[in-house]
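Working notes, beginning with the structure itself.
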Amino acid sequence: MRDNAPRLGTSATAESITSKHTPHAFSNSHDSRVGDERIVVLGGVPLRGEVEVSGSKNSSLPILAASLLASKGQCILHNVPHIADVGTMCEMLQALGASVQREGHTVIIDAENLQSHSAPTELVRKMRASFYVAAPLLARLHRAEVPLPGGCVLGPRPVNYHIDAFQKMGAVTTVERGAMNAVAEHWHGASIYLEPKNSSVGATVNIMMAACLATGTTTIENAAREPEVVNLAEYLKKMGGKIRGAGTATITIQGVKELHGTEHTIYNDRIEAGTYLTAAGITGGDVTVHGLPPVHLSVYIDKLQEAGIEITHGDRWIRAATVQPLRATDVATAPFPGFATDLQAPFLTMMCLAEGRSAIEENVFDVRFNYAAELLRMGADITLTENTAIVRGVSKLSGAEVQATDLRAGAALVLAGLGAEGRTEVTKVEYIDRGYEHFVDKLRSLDGQVVRQTKSGNKK
Ligand code: EPZ
């Protein structure tokens, strides 16, 4: 670290974020004050060190929903992260009649007394993944009344592939007052063909869950191949489900009479891991992430190397070291194993400091460059065309007050602050709380000059 690098928590620095007192460890607060909280960053310090990756948000959510399929016995899930979206999904399961206990990173669900087929609107509107409960409700109760999740900052994000599949499996569906109402006299398997362009993750997991208790066989063509789909399939098989081909483009499910509770461990979060590796590149640092197989990030690792970052790895760790100036690199997002759309924002942020012109193409979502306007305020050079951002590297970014527009963009703006000169304040941190466990603590453990505080400047 440069010896004149600014430090947090002491009044000695020219522009320390605070001289009052050392900030407390971040607690995953969901109280109403979260709305006025912000993450304050002092840039210029290379991130160095090692970090343990937490359980995956995008594995936890479908697996929690799938626990509703167990008509007897407890479901014991390990390595479930303490993030807001997991809290929302646990509330959803309880609202439907399941009992849910959380003990550290373990969640125990008992869905024997699943009563309600109607999902509360406020929870579905809060989190799109709540729509995952539609499948277990239809599979077990042959009825489901689930509000449509609605669009978000990433675009309209319809659930037509999900509803089309439910209809093919015997559900009669109507959409009234913004909710899908589905009734299935006879719930049976079907051959489902998903759009190859999207290979929808959500549709794949919802259909896989729905098919486990359907009479006969279901095949999913052009299924999503994400590790989270594989993690869910492993869980469903432990519950008694009969599934073949998860992780490939064709998944076959043989329906059974009932599923039972089991014990399972959530995969670690590849998107979180990629975020911290990118933070090393943005700050000129050297970061090792522990807890996941490099194969979960193989294309991303290739792109980090193309950008000039030195990557080494073992079976369950990956290290990113900055050994030369960053190089401009073109990327195009795609379904797994392609370049993950959820890492588009962190990577684009890093390209703002790379020498040359990078083209960042977003092919999964309709709109996923909203955060670019915030980077422009920090001095980035970005022009947007149809679905591509052209980024021209600049010699420096300058700290500013910026606003998170979604979960991954929020994390990217904190990374931008770490790579900028001066002080950056990121607001709407509740977006980040949805998917990053102990984000501030982990960055601080890597020497990141980051604190979480309320608007009035009190430490969280
Ligand atoms: C999952 O969302 C993830 N969320 C997203 O992560 C991730 O970005 C996305 O998959 C792609 O990898 C969870 O796993 C909880 P899709 P999902 O269905 O399932 C269109 C994050 O930050 N589409 O694969 O909603 C859709 O509009 C989040 O962790 C339809 O048109 O994504 C999109 O353009 C963000 N009709 C594309 O397909 C449908 O019925 C891919 O969506 C379904 C999807």
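Values for this structure:
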read-out: Top-ranked residue of segment 81-113 - restricted to ones that are in contact with an Asp or Glu (Cβ under 7 Å, 6 or more places away or on another chain) and within 13 Å of the ligand (Cβ to nearest atom), ranked as most open to solvent (accessible area, probe 1.4 Å); value: Ala84
read-out: Qualifying residue in segment 416-431 (condition: more than 24 Å from Gly285 (Cβ to Cβ), basic (Lys, Arg) and under 16 Å from the mean Cα position of the chain (by Cα)); value: no
read-out: Selection from segment 55-80 of residues that are over 17 Å from Leu138 (Cα atoms), open to solvent by less than 10 Å² (accessible area, probe 1.4 Å) and out of contact with any His (no Cβ under 7 Å at 6 or more places or on another chain); value: Ser56, Ser59, Ser60, Leu61, Cys75
read-out: Index of the failed condition, Ile390 passing every other in (1) crowded, with 20+ Cβ neighbours inside 10 Å; (2) in contact with a strand residue (DSSP E or B) (Cβ under 6 Å, 6 or more places away or on another chain); value: (1)
read-out: Verdict on Gly216 being over 29 Å from Gly338 (Cβ atoms), open to solvent by 10 Å² or more (accessible area, probe 1.4 Å) and not charged (D, E, K, R); value: yes
read-out: Residues satisfying the stated conditions in segment 105-130, i.e. modelled with pLDDT under 95, out of contact with any helix residue (DSSP H, G or I) (no Cβ under 6 Å at 6 or more places or on another chain) and either closer than 18 Å to Ser60 by Cβ or of a type in the set (Asp, Glu) (or both); value: Glu122, Arg128
read-out: Any pair with Cβ under 6 angstrom, 6 or more apart, that starts in segment 155-174 at a residue that is farther than 23 Å from Phe365 by Cα and free of Cβ contacts under 8 Å to residues at least 24 places away in the same chain and ends at one that is of a type in the set (A, V, I, L, M) and more than 6 Å from the ligand (Cβ to nearest atom); value: Val172/Val183; Thr173/Ile163; Thr173/Met180; Thr173/Ala182
read-out: Counted residues, segment 150-179 - those being outside any helix (DSSP H, G or I), under 23 Å from Ile220 (Cα atoms) and either among the aromatic types (Phe, Trp, Tyr) or under 22 Å from the mean Cα position of the chain (by Cα) (or both); value: 3
read-out: Within segment 190-207, tally of residues that are touching a residue at least 60 places away in the same chain (Cβ under 8 Å) and among the hydrophobic types (A, V, I, L, M, F, W, C); value: 3
read-out: Members of segment 200-214 found to be within 14 Å of the ligand (Cβ to nearest atom) and in contact with an Asp or Glu (Cβ under 9 Å, 6 or more places away or on another chain), listed by number; value: Val201, Ala203, Thr204, Val205
read-out: Matching entry among Lys257, Lys303 (being of a type in the set (Lys, Arg) and in a loop (DSSP other than H, G, I, E, B)); value: Lys257
read-out: Residue, nearest to Gly338 (Cα to Cα), within segment 171-183, restricted to residues that are touching a Ser or Thr at 6+ places or on another chain (Cβ under 9 Å) and crowded, with 20+ Cβ neighbours inside 10 Å; value: Met180
read-out: Checking Asp406 against (1) modelled with pLDDT of 95 or more; (2) closer than 15 Å to Leu375 by Cβ; (3) of a type outside the set (Gly, Ala, Ser); (4) open to solvent by less than 30 Å² (accessible area, probe 1.4 Å), the condition it does not meet; value: (1)
read-out: Candidate set: segment 298-326, residues that are within 16 Å of the ligand (Cβ to nearest atom) and in contact with a strand residue (DSSP E or B) (Cβ under 7 Å, 6 or more places away or on another chain); chosen: the one nearest to Leu375 (Cα to Cα); value: Tyr300
read-out: Where Arg143 falls short, out of the listed (1) among the basic types (Lys, Arg); (2) touching a strand residue (DSSP E or B) at 6+ places or on another chain (Cβ under 6 Å); (3) buried (at least 16 other Cβ atoms within 10 Å of the Cβ); value: (3)
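Condition check ((1) assigned to a helix (DSSP H, G or I); (2) in contact with a Pro (Cβ under 8 Å, 6 or more places away or on another chain); (3) modelled with pLDDT of 95 or more; (4) buried (at least 17 other Cβ atoms within 10 Å of the Cβ)) across all residues:
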| position | (1), (2), (3), (4) |
| --- | --- |
| Ala273 | yes, no, yes, yes |
| Thr278 | yes, yes, yes, yes |
| Thr288 | no, no, yes, yes |
| Glu310 | no, no, yes, no |
| Gln324 | no, no, yes, no |
| Ala332 | no, no, yes, no |
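The values are calculated or read from the model by the stated rules, or taken from the named source; none is laboratory data. Because the structure is a prediction, the values reported are computed rather than measured. Every residue, glycine among them, receives a Cβ derived from its backbone with ideal geometry; neighbour counts consider all protein chains shown. Only protein heavy atoms, including side chains, enter the accessible area calculation; ligands, DNA and RNA are left aside. Shrake-Rupley method; radii C 1.70, N 1.55, O 1.52, S 1.80 Å.
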